[in-house]
Amino acid sequence: MAIDFSLNIGATKSKRVESDKLYDTLIIGGGPAGLNAALYAKRKGLQVGILTQKVGGQVLDTKIVENYLGYSKITGEELMKEFEDHVKEYDVPITDEIQVKKIECKEYKEIHTANNKIYKAKTIIIATGSLPRMLDIPGEKEFYGKGVSYCAICDGSLYQDGIVMVVGGGNAAIGSAIDLSRIAKKVMIVHRSKFRADQILMDRLSELENVEIYLGTVINEIKGQSRMTHVITFDKDSGKEKSIDVEGIFIEIGHIPRTECLQGLIELDDKGEIIIDANGETSEPGIFAAGDVANVKYKQIIIAAAEGAKAALSATEYINKGKH
Amino acid sequence: MAMIDDNSKNQIKTIFEQLKEQVNVVLIVKKEECETCSDTQTFVTEMTDLHEKLVLEVLDESDDKAKELGVTMYPAIVLLDKDNKDYGIKFYGIPAGHEINSFIMGLIEVSGAGEVLPDDVIARIEKINKPIDIKVFITLSCPHCPGAVAKAHKLAFMNKNVNAQMIEANTFNEISTKYNVSGVPKIVINEDTELLGDQPLDAFLNSIEGL
Ligand SMILES: Cc1cc2nc3c(=O)[nH]c(=O)nc-3n(C[C@H](O)[C@H](O)[C@H](O)COP(=O)(O)OP(=O)(O)OC[C@H]3O[C@@H](n4cnc5c(N)ncnc54)[C@H](O)[C@@H]3O)c2cc1C
């Protein structure tokens, strides 16, 4: 039995963000964008803190990252541990397991959380990232956790020698299909149009013998009893529906920005992403945004991190100009 | 060959500096038909060797003490405090992979150095006055699972009416199938309430209060 470990507890507990203190900047979200924003803001001398549900963000759902400069191959979790440890060296207070519900702009900006706390800051950086996009088809909600999954690394090992399906055509989908091909007996990839994953992943995929590919195909319905047993697919070319037996379906069709806590405070584009200018400023003075939640087209760790740095520098300038 | 490499050992040692009181770690194994028992024993031995406040006792399933602890599957790890008080904190299966984190958090918790919760949350936990059994099904490759396990164990630690078990779904296939586990972490409270994902403590408490 192969045994490995993914230690991610820090040696010290970090300080928590205080609710009766006024911060220069508070960051909502502890993924790459939020963590790098904290590093930059703190080094500029700002009083900064992070409020987040989880430290690490979506990267924790990634098995291996091969495109973060400086690391030729690292697990998503290890990379985020490096980020977190780096930020912790600067004694940045982090409160996790907390959900921001609402932001109000008064004399200062107020952040209201689900556990009824109010945090105050002169500026806010929103780095709330995104959530997996759903297919929005019958059966998807019903069989969530009963065959329908959005986390291949979490649930993949439950399908030893099983027959599974991956939906999607980007890096995340192809990466998951490759991982799953080592566990499951057969992996089917279903995608509505053409693949858009990196060539290097496509090359690896083409070497696998237990992977079947269905392009130009959509899933119309997920069916089953106490758990899912099959899906109904629709082939766009032939116009034909087909029933395919699968034990599990992994949905990796992109992400939707998490802006529910903004409640109309800030301008969003038609995709629901926060509109920012080249420096990370939003439509609301003193509120900045970075990472997957903003309207920067490419959603990558290195891009989110860099955008976080920009937002922090912009927030610093805003404070230094005494605009608050 | 050592199961935990030196680098990890050193990191874990630093974390173990947080341990406050002694923790008695009881591992219950079965001689036959237990594929993971010997690996688990090596693992727990190496872990408990990292700090003097961690004391390991290995029992066979036939042992009276094992029966008293109410263990039903093997390997099982039960964490007792320095006075051998049983809080109902169990790990069924090897807590390796990502689960090493919940194992460490469990040890710190039972040593009395767990994180202090806000007063209102403590009050809610202390109010739980009926027997609550929490099963958290996990896989070793799941990054969200340790959070769910640690929260369940914390509830068990703080209220004697609550028992909480981590169950490694691949080792305990039968019970996982019985509970229809095909996504993790899957949290089953008193047999019929189910939660999926690393839910906040609030969601655990809402479910418990709604029973
Ligand atoms: C399976 C998968 C594989 C990927 N692989 C790669 C890869 O190999 N390379 C690469 O560069 N990128 C990869 N990505 C993309 C990359 O993970 C994202 O672009 C990146 O994580 C975005 O960072 P972020 O900080 O903007 O948001 P996130 O990582 O989503 O972090 C946002 C954080 O905000 C918190 N949050 C959200 N709302 C609230 C709220 N209301 N209150 C409090 N906290 C909140 C969340 O808990 C989360 O921790 C992958 C993504 C996935 C899902």
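Among the protein heavy atoms of the protein assembly as shown, carbon and sulfur supply 47% of the accessible surface, probe 1.4 Å, non-protein parts ignored.
Could you tell me how far the Cα centroid of region B:39-92 sits from the Cα centroid of region A:152-229, in Å? Cα centroid of region A:152-229 versus Cα centroid of region B:39-92: 40 Å apart.
Label sites at B:ASP83 and A:SER206, each approximated as a point 7 angstrom past Cα along Cα to Cβ, lie 6.9 nm apart.
In chain B, the sites counted are trypsin sites (Lys or Arg not before Pro) in DSSP loop states with at most 12 other Cβ atoms within 10 Å, and the longest stretch holding none of them, exclusive of the sites, is B:128-211.
Annotation: A:ILE189 carries an accessible surface of approximately 0 Å², with a 1.4 Å probe and no ligand, DNA or RNA atoms counted. A:SER14 contributes about 40 Å² of solvent-accessible surface, heavy atoms of the protein only, 1.4 Å probe.
Counting only protein heavy atoms and a 1.4 Å probe, region B:6-112 has 42 square angstrom of accessible area per residue. Could you run the Debye sum over the Cα atoms of the protein assembly as shown, one equal point scatterer each and no solvent, and tell me log10 of I(q)/I(0) at q = 0.06, 0.09 Å⁻¹, two decimals? Results for the protein assembly as shown at q = 0.06, 0.09 Å⁻¹ read -0.30, -0.70.
Annotation: average projected area of region B:119-209 is 5.4 square nanometres, based on the convex hull of Cα atoms across all directions. How big is the dipole moment of chain A about its Cα centre under a simple scheme where the beta carbon of each Lys and Arg is +1, that of each Asp and Glu is -1, and everything else is neutral? Debye, nearest 20, please. It comes to approximately 600 debye.
Size estimate for region A:148-251 follows the Kirkwood approach: the inverse of mean 1/r over distinct Cα pairs works out to 13.6 Å. Put simply, the convex hull of the Cα atoms in region A:59-207 casts, on average, a shadow of 12.7 nm². The Rg/Rh ratio for region B:6-112 is 0.94, where Rg is the radius of gyration of the alpha carbons and Rh is the Kirkwood radius.
Isolated cysteines of chain A, defined as having no other cysteine beta carbon under 4.7 Å away, are A:CYS105, A:CYS261.
Computed with a 1.4 Å probe on the full set of protein chains, the accessible area for A:ILE213 sits at about 80 Å².
To the nearest 100 Å², how much accessible surface do chains A and B cover up together, summed over both, with a 1.4 Å probe? Summed over both sides, the interface buries about 3000 Å².
At a threshold of 30 Å², the residues of region B:182-203 that become less accessible to a 1.4 Å probe in the full protein assembly than in their chain on its own are B:SER182, B:VAL184, B:LEU196, B:ASP198.
If the chain between A:LYS102 and A:ALA278 were fully stretched, how many nm would it gain, using 0.36 nm times the residue separation less the Cα-Cα distance? Stretched fully, the A:LYS102-A:ALA278 segment lengthens by 60.8 nm. Simple rule: put +1 on each Lys or Arg Cβ and -1 on each Asp or Glu Cβ in region A:40-132, find the dipole, and look at A:CYS105, A:VAL48, A:LEU69; the Cα lying farthest toward the positive end is A:CYS105.
Per residue, chain A exposes 48 Å² of accessible surface when a 1.4 Å probe is rolled over the protein heavy atoms with every protein chain present.
Modelled spin-label separation between B:THR14 and A:ASN320, with each label point placed 7 Å from Cα along the Cα-to-Cβ direction: 3.3 nm. In chain B, the sites counted are GluC sites (Glu not before Pro) in DSSP loop states with at most 13 other Cβ atoms within 10 Å, and the longest stretch holding none of them, exclusive of the sites, is B:116-190.
Quick note on region A:8-69: its Rg to Rh ratio, both from C-alpha atoms and Rh being the Kirkwood radius, is 1.01. For region B:144-194, the share of alpha carbon pairs falling in successive 5 Å distance bins from zero is 5, 20, 28, 27, 15, 6, 0 percent. With no solvent and one point on each alpha carbon, what is the Debye value of log10 I(q)/I(0) for region A:235-324 at q = 0.12, 0.23 Å⁻¹? The computed values of log10 I(q)/I(0) come out as -0.51, -1.14. With all pairs of different C-alpha atoms in the average, the Kirkwood value for the hydrodynamic radius of chain B is 17.2 Å. Mean-square fluctuation check for chain A, GNM, Cα pairs under 10 Å: which of A:GLU221, A:GLU209, A:GLU18 is largest? Of A:GLU221, A:GLU209, A:GLU18, the Gaussian network model singles out A:GLU209 as fluctuating most.
In terms of accessible area, using a 1.4 Å probe and ignoring ligands and nucleic acids, A:ASP237, A:ASP155 rank largest first as A:ASP237, A:ASP155. Between the listed residues A:ALA152, A:SER314, A:GLY248, the Cα displaced farthest toward the positive end of the dipole of chain A, a dipole computed from Cβ unit charges relative to the Cα centre, is found at A:SER314. If you plug the beta carbon distance of A:ASP245 and B:ASN180 into 1/(1 + (r/R0)^6) with R0 = 25 Å, you get a FRET efficiency near 0.90. When A:VAL218, A:VAL164 are compared by accessible area of protein heavy atoms, the largest-first order is A:VAL218, A:VAL164, using a 1.4 Å probe. Only helices enter the 222 nm calculation for chain B: every DSSP H run of n ≥ 4 contributes -39,500 (n - 2.57), and dividing by all residues gives -10000 deg cm²/dmol, rounded to 500. Its relative contact order, with pairs defined as Cα atoms under 8 Å and 6+ residues apart, puts region A:148-251 at 30 percent.
The values are calculated or read from the model by the stated rules, or taken from the named source; none is laboratory data. Everything quoted here is computed from the prediction, not taken from an experiment. Note: ideal-geometry Cβ built from the backbone for every residue, glycine included; neighbour counts use all protein chains shown. Side chains included, ligands, DNA and RNA excluded: accessible areas come from the protein's heavy atoms. Shrake-Rupley method; radii C 1.70, N 1.55, O 1.52, S 1.80 Å.
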